[in-house]
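Input: a single structure, listed below in structure tokens.
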Amino acid sequence: MRGLSLHMPVAATKNKARGSQGQFPLTQNVTVVEGGTANLTCRVDQNDNTSLQWSNPAQQTLYFDDKKALRDNRIELVRASWHELSISVSDVSLSDEGQYTCSLFTMPVKTSKAFLTVLGVPEKPQITGFTSPVMEGERMQLTCKTSGSKPAADIRWFKNDKEVKDVKYLKEEDANRKTFTVSSTLDFLADRNDDGAVVSCRVDHESLNSTPQIAMQVLEIHYTPLVKIISSNSWPEEGQSIILTCESKGKPVPEPVLWTKDGGELPDPERMVVNGRVLSISFLNKTDNGTYRCEAKNPIGRNSTEYVLIVHDVFNTLLPTTVIPSLTTATVTTTVALTTSTTTSATAISTRDPNALAGQTGPDHALIGGIVAVVVFVTLCSIILLGRYLARHKGTYLTNEAKGAEDAPDADTAIINAEGSQVNAEEKKEYFI
């Protein structure tokens, strides 16, 4: 950014001359970046052929009208007239800073002061204190440092474009007693979430013209594996299959995982197949119930997680057949069966707890109500049929009793007489040829 000149207009220093109103020099303060070019201008609104002169902070004459007085190749004449004297100072250094004087040689001499401010450009910042890799949980102290700024530069920290506020700031004066060295320290505990994060240190200074200098450091954090088991079947039933996937994330990358069941090896290698991080179990049965453990490890450490497998019965319910005992002339048989396919919809599966006990499904009230209605209907029909049967047999008995009761002294004799009458009636049958 060297070569940039910043002009900051201020009220010119005015010295009133006796007897000549408006005949006095006007100047402006100037701010320039170290290495840039400073332009010093002195104007007079009303001048009656009076000479103008520029002098430096050491009161050495630089230019008298258009005549160069100081042998310095950095100082050049820009414009010289009765109303203006302008000069330029190139490759400005910090030692050029100070108060410059423009003089108008009237009686008495009138002067105006212009202060030249030289900005020290901060050096490119550097981040120190990082050693790669860093173990999770260790304390990290990163220091950002820059020198040569005037005035002192400002340092800000960012982590993935998010500013970090809790930092330490230190400012020291350089040996030349003009510029400053500033440093800032970022202190935090290493976390696995910081792995791959970009930490940046930004230096802001007015000499940088809104373009800050930035130093960056990518963090590398090593940590133990994080393990998780994902099941393909949330409600496993007998005869079905299940796939258990062991997801492990760590740095360095974990080694192949280890599968165990109830603290030992897998009991049935033919049905329990391990392929990398995946455990597949086919033709599930009750013996597969148990706790399955997945363990992953890397050079930092090891970690594991468990999955409890409960194999449920096939959801198939058959209600018993209800048969009404047959009476003399009627037999009623009712059969009610309920069969549910072993294939369960995705919606039903998603609502079941894979670790819940079997048989905890809620009753179907509509089904139970229907069965009760059928049983009541069959019972009423049986009662009606039984009543009709009894009524018919009672009428037959009364008729027979009446036929033999006309001449009999008691009921038993009447029944015997009735049977005899039937025999005689058969004997009295006539046959025609």
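Points worth noting:
- In the context of the full set of protein chains, region 224-309 has a per residue accessible area of 53 Å² (1.4 Å probe).
- Solvent-accessible area per residue, Å², over region 126-219 with all protein chains present [probe radius 1.4 Å]: 57
- If only the Cβ of Lys and Arg carry +1 and only the Cβ of Asp and Glu carry -1, the dipole of region 126-219 around its Cα centre is close to 320 debye.
- Packing order of peptides 249-256, 81-88, 163-170, highest average first: 81-88, 249-256, 163-170 (average count of other Cβ atoms within 10 Å over each peptide's residues).
- Summing +1 for each Lys or Arg and -1 for each Asp or Glu among the other residues whose beta-carbon sits under 11 angstrom from that of GLY137 gives -1.
- Nitroxide proxy distance, nm - points 7 Å out along Cα→Cβ at TRP82 and MET107: 1.9
- Probe 1.4 Å, accessible area per residue of region 25-119, Å²: 47
- Rounded to the nearest 0.05, the FRET efficiency derived from the C-beta distance between THR211 and ALA58 at R0 = 35 Å is 0.50.
- A simple count of charges around SER183, restricted to other residues whose Cβ falls under 15 Å of its Cβ and scoring Lys, Arg +1 and Asp, Glu -1, yields -1.
- Here the accessible area of region 224-309 is 53 percent carbon and sulfur, with a 1.4 angstrom probe and all protein chains present.
- Neighbourhood charge, 15 Å Cβ-Cβ cut-off, centred on ILE155 and excluding it, Lys, Arg +1 and Asp, Glu -1: 0
- Placing a label point 7 Å from the Cα of ARG271 along the Cα-to-Cβ direction, the residues of region 283-303 with a backbone N closer than 19 Å are 283-293.
- Per-peptide packing, taken as the mean over residues of other Cβ atoms within 10 Å, places 26-34, 72-80, 221-229 in the sequence 26-34, 221-229, 72-80 from highest down.
- For ARG74 and ILE371, the difference between the fully extended length at 0.36 nm per residue and the C-alpha to C-alpha distance is 95.7 nm.
- Contact order normalised by residue count of region 126-219, Cα under 8 Å, 6+ apart, percent: 33
- Contact order relative to length of region 224-309, as percent, for alpha carbon pairs under 8 angstrom and 6 or more apart: 37
- Near PHE24, the amide H atoms lying under 5 Å from its own belong to ASP45, GLN46; only residues 5 or more places off or on other chains count, and H is placed 1.01 Å from N.
- Ordering GLY264, ILE242, LEU226 by the projection of their Cα atoms onto the charge dipole of region 224-309, which places +1 on the Cβ of Lys and Arg and -1 on the Cβ of Asp and Glu, puts LEU226 at the extreme positive end.
- Cα shape, region 42-120, gyration tensor, a/c 1.5 rule: prolate
- Normalised by the number of residues in region 25-119, the mean separation of alpha-carbon contacts (under 8 Å, six or more apart) gives a relative contact order of 38 percent.
- The magnitude of the dipole of region 25-119, with charges of +1 and -1 set on the Cβ of Lys/Arg and Asp/Glu and taken from the Cα centre, is near 160 debye.
The values are calculated or read from the model by the stated rules, or taken from the named source; none is laboratory data. Predicted model, so just to flag it, every value in this text is computed and none were measured. Quick reminder, even Gly has a Cβ in these numbers, built from the backbone with ideal geometry, and neighbours come from all protein chains shown. SASA here: full protein model, heavy atoms, side chains in, ligands and nucleic acids out. Shrake-Rupley method; radii C 1.70, N 1.55, O 1.52, S 1.80 Å.
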